[in-house]
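S.K.: Provided herewith is a single structure, encoded as structure tokens, for subsequent inquiry.
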């Protein structure tokens, strides 16, 4: 696909990001047919639930800013229009990033309804596609993963010091601390409780942090009382991002101390954003559209079966509803329902099966998907306290995520407005490492972000 770069600007940094200066209106995807330049080391950082506009909020006048992110931006390319897939849930989208493919390929769909078995089901850590860590290992490169769980036993493991997986838990600061120990060759505790030292600095390293996800869902952490209002929630998210930015600075300083910062490319992105909601659920309003058409509806959870005679099955996580038609509901009936649903003020959008296929959704994700217009929601219960938040929706607040590629072999100081997808991460990191992309990848190499060999400074 020909993707034209519509906006390219250079970041000017004086401590914090203080202004933007035009560079060019277009940028070529490579020069003269030269091959992309390579990095000796590639670090993939995933900040779960890093909604794109968190960055904008934190860098408004009077806000604390994110100086370390801004510094990496000055040395890289930022894509503000990065999209995830369906469903915008952690496991499917984390899998999409590390495989470069959508759920229709890798098979991870989170919750769904199994029509054949007639039961609600969940896919857990299902992955039918090759990961970038597996490619690195097959190519003879060392690799490591710090809590990037979709790479556990998929290119990294507790028992392999050259391809090590560790899971320290805790906040991102702790994970950075353990990362630096590992990079310095110090023993770190693996998932078996044993102390292990890597045999060399990993050529590919993945670091996962779920701090933003925890704060976004519940205000102060998983399982705690949510923020009372959107203003408090927004302030919490800014504070969390600022804290993560400080930990990022520790990593940058550590890479400098090791003498590898100038040989390293960093890709920082996320699986999904976060969408607040509150008040009464609109789920039964949606159900009534179907019952008014004389269709019997059953809402199923994991392990729940639909009674005999059920025409329509709903699966919901609070935001998007996956809808499955049984008993040969006619296509014209489905089309009529979709039109009526789309007209409702509490509905943000509707995807039919054709649209789901185009988005790379698994066949298990239903015949139709409906998501609400915030602050409406499709939870099975009303929200009787402050706000809640989730991300199983195509609303931009969940669908649009942060994406930055920075460092050696990367062009510097660009913002590219062209829409990209999170599945572009693995092919791009593969190109930076000089290895093939994962076998099942459908994403593209972001060639417009990369230096070519002729332009790369000697390192």
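S.K.: P(r) of segment 125-198 in 5 Å steps, Cα pairs, percent per bin?
M.R.: 4, 18, 28, 25, 16, 8, 2
S.K.: Determine the principal axes of the Cα atoms in segment 170-268, then give the extent along each, sorted from largest to smallest and rounded to whole angstroms.
M.R.: Taking the Cα atoms of segment 170-268, the three principal extents are 49, 34, 17 Å.
S.K.: Let me ask another. Quick check on the chain: of the DSSP beta bridges with both residues there, what percent are antiparallel, nearest 5%?
M.R.: 60 percent
S.K.: Before anything else, pin down the relative contact order of segment 281-381: Cα pairs under 8 Å, at least 6 apart, normalised by residue count, whole percent.
M.R.: 32 percent
S.K.: Which values, in whole Å and largest first, are the semi-axes of the equivalent ellipsoid of segment 86-134 obtained as the square root of 5 times each eigenvalue of the Cα gyration tensor?
M.R.: Values: eigenvalues 89, 21, 13 Å².
Semi-axis lengths for segment 86-134 are 21, 10, 8 Å.
S.K.: log₁₀ I(q)/I(0) of the chain at q = 0.09, 0.10, 0.12 Å⁻¹, via Debye over equal Cα point scatterers, no solvent, to two decimals?
M.R.: Debye curve over Cα of the chain, log10 I(q)/I(0) at q = 0.09, 0.10, 0.12 Å⁻¹: -0.60, -0.74, -1.04.
S.K.: How big is segment 48-188 along each principal axis, measuring the range of its Cα positions in Å and listing the largest first?
M.R.: If we take the Cα atoms of segment 48-188, the spans are 55, 39, 29 Å.
S.K.: Among 97-103, 263-269, how do they line up from the highest to the lowest mean number of other beta-carbon atoms within 10 Å?
M.R.: Numbers: 97-103: 29.3, 263-269: 23.6.
Sorting 97-103, 263-269 by mean packing, highest first, produces 97-103, 263-269.
S.K.: Using per-residue counts of other Cβ atoms within 10 Å, averaged over each peptide, order 438-445, 306-313 from highest down. Write down the numbers at each step before the final one.
M.R.: Numbers: 438-445: 20.4, 306-313: 16.8.
Result, highest mean first: 438-445, 306-313.
S.K.: How tilted is helix 172-183 with respect to the longest principal axis of the chain? Cα atoms for both, answer in degrees (0 to 90, nearest 10).
M.R.: 40 degrees
S.K.: If packing is taken as the mean number of other Cβ atoms within 10 Å per residue, what is the order of 132-142, 360-370, 286-296, highest first? Mind dumping the intermediate values first?
M.R.: Working: 132-142: 21.1, 360-370: 23.0, 286-296: 15.4.
Top of the packing list down: 360-370, 132-142, 286-296.
S.K.: Considering every pair of different Cα atoms, what Kirkwood radius, in Å, is found for segment 339-388?
M.R.: 12.4 Å
S.K.: Related question: For segment 352-413, just say rounded, prolate or oblate: build the C-alpha gyration tensor, square-root its eigenvalues into a ≥ b ≥ c, call rounded for a/c under 1.5, and beyond that prolate if a/b exceeds b/c, oblate if not. All intermediate terms of the calculation are to be shown ahead of the outcome.
M.R.: Details: a/c = 3.57, a/b = 1.43, b/c = 2.50.
Oblate is the answer for segment 352-413, as a/c is 1.5 or above yet b/c matches or exceeds a/b.
S.K.: What is the Cα coordinate range of segment 216-324 on the first, second and third principal axes, sorted by size from largest, in whole angstrom?
M.R.: The Cα atoms of segment 216-324 stretch 68, 33, 22 Å along their principal axes.
S.K.: Tell me, Kirkwood radius of segment 281-381 from alpha-carbon pair distances, in Å?
M.R.: Taking the inverse mean of 1/r over all distinct Cα pairs, segment 281-381 comes out at 13.7 Å.
S.K.: Going by alpha carbons, how many degrees (0 to 90, nearest 10) lie between the helix axis of 230-258 and the longest principal axis of the chain?
M.R.: So the inclination is approximately 30 degrees.
S.K.: Further, regarding this structure: In whole percent, what relative contact order does the chain give with Cα contacts below 8 Å and a gap of six or more residues? Can you show the working numbers first?
M.R.: Numbers: 1119 pairs, mean separation 139.1, N = 459.
The normalised contact order for the chain reaches 30 percent.
S.K.: Moving on to the next point. For helix 331-342, report the angle its Cα long axis makes with the longest principal axis of the Cα atoms of the chain; keep it between 0 and 90° and round to the nearest 10°.
M.R.: Value to nearest ten degrees: 70.
S.K.: Can I ask one more? When the convex hull of the Cα atoms of segment 331-459 is projected onto a plane and the area is averaged over all directions, what value comes out in nm²?
M.R.: On the way: hull surface 48.8 nm².
Hull-based average projected area comes out at 12.2 nm².
Since every read-out is calculated from the coordinates, none of them should be taken as a lab result. Bear in mind the structure is a predicted one, so any value in this text is a computation, not a measurement. Don't worry about glycine lacking a Cβ; one is built from the backbone with ideal geometry, like all the others, and counts go over all protein chains shown.
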